[in-house]
């Protein structure tokens, strides 16, 4: 790059603008510390099979509408290997269906990380990861981790006028955890059947 004054001025403005945005995001995150609307959790199953096979089950999300009872429709695009856009319809315990969309980055054969960009009504943020790691006992520890920020504006509409943040946390934890545990259970069956 040359020392063109217009180019240098543009870089200065971009750095100033981005630094301001990053500081604002950092401030918001720091202020959220201790906030009940932000929480993380994980579920783990142990598999007597290959990590590659369990990983493949989660990586092959395009098949989930045939493999997972809580998924009624799925669209997965992967124009670049390991970078996925996953859109799916999930059936809740009450029979209702909601559509989510996530972007996933896949690291064969040990982890898949994602950010959900189309969210259920009770969440403003949902990120997470799947890991498939050797355990000390020779099995594979397959883990699903979630980080969530609740959408407090929708708690009453979804759970009723008396529902609290604690109720919403429990509801989201139960719903996401149940789906993750079901997916991990099917991944376990898949991997163990291939031994």
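Which whole-angstrom value gives the distance between the alpha carbon centres of segment 33-110 and segment 120-181?
For segment 33-110 versus segment 120-181, the Cα centre distance is 13 Å.
How much length is gained on full extension from residue 193 to residue 101, taking 0.36 nm per residue of separation minus their Cα-Cα distance?
30.1 nm
Take 37, 80 and order them by how many other Cβ atoms sit within 10 Å, fewest up front.
80, 37
Once you place label points 7 Å from the Cα toward the Cβ at residue 92 and residue 72, how far apart are they in nm?
So the two model labels end up 1.2 nm from each other.
Going 7 Å from the Cα of residue 173 toward and past its Cβ, which residues in segment 133-157 have a backbone nitrogen under 20 Å from where you end up?
143-156
Let a ≥ b ≥ c be the square roots of the eigenvalues of the Cα gyration tensor of segment 24-141; is it rounded (a/c under 1.5), or, if not, prolate (a/b larger than b/c) or oblate?
oblate
Under 19 Å from the 7 Å Cα→Cβ point of residue 139, by amide nitrogen: which residues of segment 45-64?
The answer is 45-58.
Readers should treat all values here as calculations from the given coordinates under stated rules, not as data from a laboratory. This one's a predicted model, so the numbers in the text were calculated from it and none came from an experiment. Cβ atoms come from the backbone with ideal geometry, glycine included; neighbour counts cover every protein chain shown.
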